[in-house]
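Here's the structure, in structure tokens; my notes come after.
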Amino acid sequence: MDDVGICAHCLRIAAQSVTVIAADIDARLRAGLELWPDPRATHAEIVFSVEEGWRNRGLASRLITHAIDEAKNRNLGWLQIEADESNPIVLRLIEKFGGIRSSSEAGSSRRIMLMQTGPDRSARSVAVD
């Protein structure tokens with residue numbers, strides 16, 4: 001992505017109250033997560049990336065943990081991740097946090113319902129048809 005694309009993405013993030021969570025190690029961005037709230041404020045979709053040389057070190061787990069905390073603070077009902085079936089590492093990570101695959105959609109992707117925040121603000125998994 002070039003500078004124009006990055007600027008456009010940043011403007012879109014700012015306009016939609018997106019939360020950005022970053023893993024900064026030795027003054028270098030090594031991983032990042034964006035939490036995109038639904039306009040109805042019922043849930044959010046999260047997208048994340050970890051630099052190739054920094055994978056399998058727990059950075060994605062830490063980012064998702066912070067995203068769950070942010071969802072609780074915003075009183076969001078649940079988080080979702082669009083995950084491709086051909087990426088077993090991400091699917092295992094999602095399942096680690098209690099994620100449940102919802103029913104099939106068109107294409108090779110599945111919606112992953114990650115967590116729901118109950119009235120006591122505790123996280124629990126939920127299945128969605």
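Only the coordinates and a few stated rules stand behind these numbers; no lab work does. Remember, predicted model here, so these are calculated numbers, not experimental data. In this analysis, Cβ positions are derived from the backbone assuming ideal geometry, glycine residues included, and neighbour counts consider all displayed protein chains.
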Item checked: For Ile25, distant residues with modelled amide H under 5 Å away -> Arg30
Next item on the list: First check a/c for the stretch 1-58, with a ≥ b ≥ c the square roots of the eigenvalues of its C-alpha gyration tensor; if it is under 1.5, answer rounded, and if not, answer prolate when a/b is larger than b/c or oblate otherwise.
Entry: oblate
Checklist line | Karplus (6.51, -1.76, 1.60) ³J(HN,Hα), θ = phi - 60°, over the stretch 36-49, in Hz, Gly and Pro reported as x | finding: 9, x, 5, x, 7, 6, 9, 7, 8, 9, 10, 10, 8, 8
Next item on the list: Determine which residues of the stretch 35-67 fall in the zone a paramagnetic label at Arg28 would reach in this model, i.e. backbone nitrogen under 15 Å from the point 7 Å along Cα→Cβ.
Entry: 50-55
